[in-house]
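The values are calculated or read from the model by the stated rules, or taken from the named source; none is laboratory data. Computed from a predicted structure; not experimentally measured. Here the Cβ positions follow ideal geometry from the backbone for every residue, glycine too, while neighbour counts run over all protein chains shown. Quick note on the areas: whole protein, heavy atoms, side chains included, nothing else; ligands and nucleic acids left out. Shrake-Rupley method; radii C 1.70, N 1.55, O 1.52, S 1.80 Å.
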Amino acid sequence: MESILLLVNSAPSSVNAQRAWQLARTLCEQGKSVSLFLLQDGVLAALNGEPELRELPRVIDCYAL
């Protein structure tokens, strides 16, 4: 199975972060193994409990630095 790691270093409300959430969801729906790695401002998504992050499929691994 193909495995994909997405690095997210943008603020949760940024266009780049929103695209990352959507890309992660789409790839997961296509049967890919997806992981998110949050760093810098991307960590705020986990700390603030962003709805977009919480609503991602549970099979997506999420790491924060």
Condition test on V8, is it of a type in the set (V, I, T) and touching a residue at least 24 places away in the same chain (Cβ under 8 Å)?
-> yes
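Could you tell me how many of the residues in the range 36-65 are closer than 17 Å to S3 by Cβ, open to solvent by 70 Å² or more (accessible area, probe 1.4 Å) and in contact (Cβ under 8 Å) with a residue 12 or more places away in the chain?
So the first thing to find is which residues in the range 36-65 are closer than 17 Å to S3 by Cβ, and the list is 36-37, 56-63.
Checking which are open to solvent by 70 Å² or more (accessible area, probe 1.4 Å) leaves us with 58-59, 61, 63.
Now narrow it down to the ones that are in contact (Cβ under 8 Å) with a residue 12 or more places away in the chain: 59, 61, 63.
Result for the range 36-65: 3.
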Write out, first by first residue and then by second, each pair whose Cβ atoms fall under 9 Å of each other, whose residues are 6+ apart or on separate chains, and whose first residue, in the range 12-35, is closer than 16 Å to C62 by Cα and open to solvent by 30 Å² or more (accessible area, probe 1.4 Å) while the second is of a type in the set (A, V, I, L, M, F, W, C) and assigned to a helix (DSSP H, G or I).
-> S33/L27
